[in-house]
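Please read the structure below before turning to the comments.
The values are calculated or read from the model by the stated rules, or taken from the named source; none is laboratory data. As the structure is a computational prediction, the values presented were derived from the model and not from experiment. Please note: Cβ atoms are built from the backbone with ideal geometry, for glycine as well, and neighbour counts cover all protein chains shown. When the accessible area is computed, the model is the full protein with side chains, heavy atoms only, and any ligands, DNA or RNA have been set aside. Shrake-Rupley method; radii C 1.70, N 1.55, O 1.52, S 1.80 Å.
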2 protein chains.
Amino acid sequence: METKVNGLENDMERLKIQGPTNPMVTPLLTDQYQFTMAYAYWKAGKHLERSVFDLFFRRNPFGGEYTVFAGLEECIRFIANFKFTEEEISFLRSSLPPTCEDAFFDYLRGIDCSDVEVYAVAEGSVVFPKIPLMRIEGPIAVVQLLETPFVNLVNYASLVATNAARHRFVAGKSKMLLEFGLRRAQGPDGGISASKYCYLGGFDATSNVAAGKLFGIPLRGTHSHAFVSSFMSPDEIVDKSLHSSNGSGTCEDFVSLVQTWLNKLQWTSSLRGIFGETNQSELAAFTSYALAFPNNFLALVDTYDVVRSGIPNFCAVALALNDLGYKAVGIRLDSGDLAYLSCESRKFFCAVEKEFGVPGFGKMGITASNDLNEETLDALNKQGHEVDSFGIGTYLVTCYAQAALGCVFKLVEINNQPRIKLSEDVSKVSIPCKKRCYRLFGREGYPLVDIMTGENEPTPKVAERILCRHPFNESKRAYVVPQHVEELLKCYWRGGSDKAREELPPLKKLRDRCMQQLDQMRPDHMRRLNPTPYKVSVSAKLYDFIHFLWLNEAPVGELQ
Amino acid sequence: METKVNGLENDMERLKIQGPTNPMVTPLLTDQYQFTMAYAYWKAGKHLERSVFDLFFRRNPFGGEYTVFAGLEECIRFIANFKFTEEEISFLRSSLPPTCEDAFFDYLRGIDCSDVEVYAVAEGSVVFPKIPLMRIEGPIAVVQLLETPFVNLVNYASLVATNAARHRFVAGKSKMLLEFGLRRAQGPDGGISASKYCYLGGFDATSNVAAGKLFGIPLRGTHSHAFVSSFMSPDEIVDKSLHSSNGSGTCEDFVSLVQTWLNKLQWTSSLRGIFGETNQSELAAFTSYALAFPNNFLALVDTYDVVRSGIPNFCAVALALNDLGYKAVGIRLDSGDLAYLSCESRKFFCAVEKEFGVPGFGKMGITASNDLNEETLDALNKQGHEVDSFGIGTYLVTCYAQAALGCVFKLVEINNQPRIKLSEDVSKVSIPCKKRCYRLFGREGYPLVDIMTGENEPTPKVAERILCRHPFNESKRAYVVPQHVEELLKCYWRGGSDKAREELPPLKKLRDRCMQQLDQMRPDHMRRLNPTPYKVSVSAKLYDFIHFLWLNEAPVGELQ
């Protein structure tokens, strides 16, 4: 197992001091049954038995064939600070039956995660069903208390990171993607987590100021419709002066300069007939916004009518700014036919560039932001559009197309005894044993297959033939000769000791890893329509063992 | 306007001390553009202009015709504590363009909500599209900063409360509904908010311990599959003794007592052939759980096979407990055909009651908890089932059927000037003016219609004929003679003064209000299939004004 020791003390220090991003993530953020079980384990003298649990999901979300793993750092922050307060202990005492013995609460009082080990896939990795994202080992009563918060912290993080990656895939690498979802997110840290993990999954910036502060994510945002309609007319603008960009002079009446440009636009032959009188409250709002942010003028142009009011008003202000040496940033479209309106806007900008000889005006930025999702991005691409940046909210952050990922947390071994969980539904049978997991890469550099083995089986070797079997379907198997082998599960927590533990990289690095991993995938696994499933397998030895255990545990039926 | 003054000081005190439930709800939990706009308002000298915003939604969720309003108390807690820290101010300074003037940050430093007023519908009320749930008045720069957090706090709260109410409607009043969603919720306080607002919407209990502690919601939970598979066989149980319920004696070997009952069950004529050898790890787990919680024995019976293992094992333990004077609570089914399995379980329990003369054994509690939602509850009802309690997780808390409610926050007046936001989509045109809203009730006690009027129009009077108009469709109008009139928007925040302010009732009271309001609705608005839309209207005077303003603001087209 690869290990890194450098810088770990600082890393540990950071985790211990910071704790989980959300202070509500406490040892009580778990299901009541984790405490009733803890009591029953304790009462049976089983609470210290060494157990191994796998955290995994069974199906990729959004009808796709891949998932981005996220949420690991928050899990580690949580266990690094895992300790009950006296207040929590007394609440637990009151919420459990009065027959529960005092000594149990003394036991709870003493619990921390110094006996726990966490192995995990690197955060930001591309992952697949059935392969453990995390393997958690420790005293069974303690590890079960971690189940609910771990699953909670990983489920949504991975889901929304995957959603972001899918939006990036459709939008293409050249577009700017902005996460605008805070107001529609499922609660305050639905919003904050969304901003964090959308950035990890490939977004460029967020509108969420708190997330910008917490995680250093670039912030974006200009103004809303309310700003536009809060103005009545340019007459109300009192301070009309604006210094030129290089400080060489001052325009004393920027409002008149804008009006002059609006008149010129109106009488420009190539624009004639497109618009008549534009909305005056909008013109006032744009002018005011430009006076406040002459270097950052980006205007929302659809409050009244994009083509007949918003675009001409925007261009008049942008041209006035240009006179003073400022370069406008662009427009935002928030309603209507975005393909059509973006093309019309582009035409208008190009006509302005040509008519008035303003270099670069035709390349003015166009942001679109109206209920976008994978489907609308795809449709826009097919229709042709002129949008440079997409602001995406509701569908992205609430994962509207599939609002939950089904991560589970299953016991696979206790006291060195492998355990299996059966089910009438084969896809719900768990894969027993403490396992190692590898990703095998083919000649072209693509990952070919993930394989799980028993803990003590030899590591698959490069250029050696390995039999990979479907865990439950005996006829599905293949020999693979890997060109490169990567072990997936590495140690991220070893009882609080900083020996031989992986670093938790900063968010920007997780994002880079995610981008790089997505790039590395074979394209047919990534496409939106009928993607090829990526293969997940077990070793021949593990296969045999699963089926031995299965037969051993399942009751034999009697048909009558 | 109705007002209550009693107990308000304590109420205010509570809010001021506690702040928002989630400490991450700070003034930075907003969109970046609220700050760029604040700067532009400030720069234009407009920041103190008195503005009125409406918070409302445009469409009921889940294909239904009603919504439960929730999230108000969190909004009020937020503004009661609204104040920037120096650290936040310096972050804002670094995130805004360097050209922003220092004096603006001094202004931000001084901001609080002492100039803000909030009017709202009572939390837990049944509400409808277009009617403001909240009306927020104050200096425009401040009120805009509140937009994102308010919409965030209301959107998910109302969505998940509505989802809970819909699940309650399908399940019926006699069933116990348990919220089990924490692990699948969208982040930690997705989970905590879900527990709170599902309780408000009619659930009885939650598995979420943190929510139990924060809000006093009853907690439920017993054990998981992992608990069952962590045992190997009854041989490993060391302390086998159990006192009888009344303390009169002790059974020294409860494990053998259970085994005796299992043998008896196997040789009972009416149960013959149903099961052979049951799973020993399951039997050990059930026995251990009963030893820990003899008064609260509820077992998860589907780890191996419900009918051939789980139910017989459960009954053996329950009968052994019965010998000692304890009454088992019941079983939980977490997979398979819940209708069939619950009926088979019930049959088994009734046979046991009859064969062994254990009164009430046939009425043993049956809880079901496998990926339940409105549809599966409905299907179970149609098939017939024997479930007493439903544990509902993923579909409930993530609002899987519709993961977002589209609450918006629109400027309706500034400096006493009504404002309108136009859109190519009529349903997106906002209703201008500072308004009053009323619910008019008919003869049978059902609400008939909600009506919005201008602020200074007379209050609709009982027994007087009132013309109610659709806000945008001129042909839709009706005269209503109300038997009872309720004003909907009441004052919940008046700049921090506790004069004439509504109380914020505790969660249990919000839940009662919600239940009572849902009961009061005409059944055809509530049904799942093709419900009748509830009518939302404006006064004749407001109708005329909307259309005057609309024509005034919209640019006139020129077809060529």
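Side notes on the structure shown:
- Residue in segment A:154-165 that is on the phi < 0 side of the Ramachandran plot and open to solvent by 10 Å² or more (accessible area, probe 1.4 Å) present: no
- Residues of segment B:343-370 classified as of a type outside the set (Ser, Thr, Tyr), open to solvent by less than 40 Å² (accessible area, probe 1.4 Å) and out of contact with any helix residue (DSSP H, G or I) (no Cβ under 8 Å at 6 or more places or on another chain), total: 1
- Of the strands (runs of 3 or more DSSP E) lying entirely inside segment A:306-422, those containing at least 1 residues that are more than 30 Å from A:GLY201 (Cα to Cα) and touching a residue at least 60 places away in the same chain (Cβ under 8 Å) are A:408-414.
- Search result, residues across segment A:374-405 that are open to solvent by less than 30 Å² (accessible area, probe 1.4 Å) and either of a type in the set (Ser, Thr, Tyr) or under 30 Å from B:LEU372 (Cβ atoms) (or both): A:GLU374, A:SER389, A:GLY393, A:THR394, A:LEU396, A:VAL397, A:THR398, A:CYS399, A:ALA403, A:ALA404, A:LEU405
- For segment B:198-210, filtering for residues that are open to solvent by less than 10 Å² (accessible area, probe 1.4 Å), in contact (Cβ under 8 Å) with a residue 24 or more places away in the chain and either of a type in the set (D, E, K, R) or in a helix (DSSP H, G or I) (or both) leaves 2.
- Scanning segment B:202-227 for residues that are more than 7 Å from chain A (Cβ to nearest Cβ) and over 20 Å from A:LEU96 (Cβ atoms) returns B:GLY202, B:PHE203.
- Enumeration of residues in segment B:221-255 that are in contact with a helix residue (DSSP H, G or I) (Cβ under 6 Å, 6 or more places away or on another chain), in a loop (DSSP other than H, G, I, E, B) and not small (Gly, Ala, Ser): B:THR222, B:HIS223, B:PHE231, B:MET232, B:ILE237, B:LYS240
- A:PRO218, sole failed condition from (1) crowded, with 23+ Cβ neighbours inside 10 Å; (2) under 30 Å from A:LEU507 (Cα atoms): (1)
- On the stretch given as segment B:426-451, residues that are basic (Lys, Arg), in a strand (DSSP E or B) and in contact (Cβ under 8 Å) with a residue 60 or more places away in the chain total 1.
- Candidate set: segment B:78-107, residues that are in contact with a Lys or Arg (Cβ under 9 Å, 6 or more places away or on another chain) and modelled with pLDDT under 95; chosen: the one least open to solvent (accessible area, probe 1.4 Å): B:ALA80
- Residues of segment B:421-433 that are more than 16 Å from A:ASP334 (Cβ to Cβ) and either at the interface with another protein chain (Cβ under 7 Å from one of its Cβ atoms) or crowded, with 20+ Cβ neighbours inside 10 Å (or both): B:ILE431, B:PRO432, B:CYS433.
- Of residues in segment B:166-178 being of a type in the set (A, V, I, L, M) and either within 14 Å of chain A (Cβ to nearest Cβ) or farther than 19 Å from B:ASN208 by Cβ (or both), the one surrounded by the most Cβ atoms within 10 Å (Cβ to Cβ): B:LEU178
- Among the residues of segment A:179-192, just one is more than 7 Å from chain B (Cβ to nearest Cβ) and open to solvent by 10 Å² or more (accessible area, probe 1.4 Å), namely A:PHE180.
- Residue count, segment B:88-108 (criterion: more than 11 Å from chain A (Cβ to nearest Cβ) and within 21 Å of A:PRO218 (Cα to Cα)): 3
- Yes/no for A:LEU529 being within 30 Å of B:THR278 (Cα to Cα) and either away from chain B (no Cβ under 14 Å) or at pLDDT below 95 (or both): no
- Comparison of B:GLY247, B:GLY276 shows that the only residue that is open to solvent by 20 Å² or more (accessible area, probe 1.4 Å), within 10 Å of another protein chain (Cβ to nearest Cβ) and at pLDDT below 95 is B:GLY276.
- Odd one out for A:SER193 among (1) part of a loop (DSSP other than H, G, I, E, B); (2) under 26 Å from B:VAL154 (Cβ atoms); (3) of a type outside the set (Asp, Glu): (1)
- Residue in segment B:6-49 that is farthest from the other protein chains (Cβ to nearest Cβ), counting only those that are touching a Phe, Trp or Tyr at 6+ places or on another chain (Cβ under 8 Å) and modelled with pLDDT under 95: B:GLY19
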